[in-house]
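The values are calculated or read from the model by the stated rules, or taken from the named source; none is laboratory data. Just so you know, these numbers come straight off a predicted model, no measurement behind them. Cβ sites come from the backbone with ideal geometry, for glycine too, and all protein chains shown count toward neighbours.
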Amino acid sequence: MNISKFLKDGFVLYPHVFYLGVTLEYTETHAHVPFLEGKSSTGRLGIDIHATAGKGDVGFCGHWTLEISVKQPVKVYRGMPVGQLIYFPVDGDIEVKYNQKKNAKYSGQPDKPVESMMWKNSF
């Protein structure tokens, strides 16, 4: 795929296909719990930006991986606003922030989608 063409002309997403995307923005939160929500304009296009992972952890530092699905074919563009973060303050002390956990699988996410790391869990 020609990246410059994608940036200019957009990319069509189709129903029944699961896409991983990533935010352009890098975020850090050290005293708040972040929630990722879709924008109403995005929802009205039939775009869902997260399947299950709408809540972050105190201490999350990185780009957000988006779990994207659509209800109808829709064209998206790089930089298109699709979501918003809402921050809730935490009461009390935070014993261990996410970015300080030894088993934090998604800490420091890069500016590309990160696939599931469930294989690192012990069952």
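Cβ-Cβ distances below 7 Å connect the following pairs, each with a first residue in the range 97-111 that is assigned to a loop (DSSP other than H, G, I, E, B), a second residue that is β-branched (Val, Ile, Thr) and surrounded by 17 or more Cβ atoms within 10 Å (Cβ to Cβ), and a separation of six or more residues or different chains: LYS97/VAL58. Would you mind stating whether GLY38 is modelled with pLDDT under 95 and either buried (at least 16 other Cβ atoms within 10 Å of the Cβ) or under 18 Å from VAL114 (Cα atoms) (or both)? Yes. Candidates LYS101, LYS97: the one that is of a type in the set (Lys, Arg) and touching a His at 6+ places or on another chain (Cβ under 7 Å) is LYS97. Filtering the range 83-97 to residues that are more than 19 Å from the chain's Cα centre (by Cα) and under 21 Å from GLU37 (Cα atoms) leaves PRO89, VAL90.
To keep it simple, each residue is scored yes or no on (1) modelled with pLDDT of 90 or more; (2) under 20 Å from THR29 (Cα atoms); (3) in a loop (DSSP other than H, G, I, E, B).
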position	(1), (2), (3)
ALA53	no, yes, yes
LEU66	yes, yes, no
LYS75	yes, no, no
PRO113	no, yes, yes
PHE123	no, no, yes
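Residue by residue, here is whether (1) surrounded by fewer than 11 Cβ atoms within 10 Å (Cβ to Cβ); (2) over 10 Å from the mean Cα position of the chain (by Cα); (3) within 28 Å of LYS8 (Cβ to Cβ) holds:
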position: THR29; (1), (2), (3): no, yes, no
position: LEU45; (1), (2), (3): no, yes, yes
position: VAL70; (1), (2), (3): no, yes, yes
position: LYS75; (1), (2), (3): no, yes, yes
position: PRO81; (1), (2), (3): yes, yes, yes
position: ASN99; (1), (2), (3): no, yes, no
position: MET117; (1), (2), (3): yes, yes, no
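From the list GLY21, GLY43, the one residue that fits, being modelled with pLDDT under 95 and out of contact with any strand residue (DSSP E or B) (no Cβ under 7 Å at 6 or more places or on another chain), is GLY43. The residue that is farthest from GLN100 (Cα to Cα), among those in the range 19-51 that are part of a strand (DSSP E or B) and among the charged types (D, E, K, R), is ASP48. Against the numbered list (1) in contact with a strand residue (DSSP E or B) (Cβ under 8 Å, 6 or more places away or on another chain); (2) under 26 Å from PHE88 (Cβ atoms); (3) of a type outside the set (A, V, I, L, M, F, W, C), HIS30 comes up short only at (1).
Only a single item in (1) outside any helix (DSSP H, G or I); (2) free of Cβ contacts under 8 Å to residues at least 24 places away in the same chain is not met by PRO81, and it is number (2).
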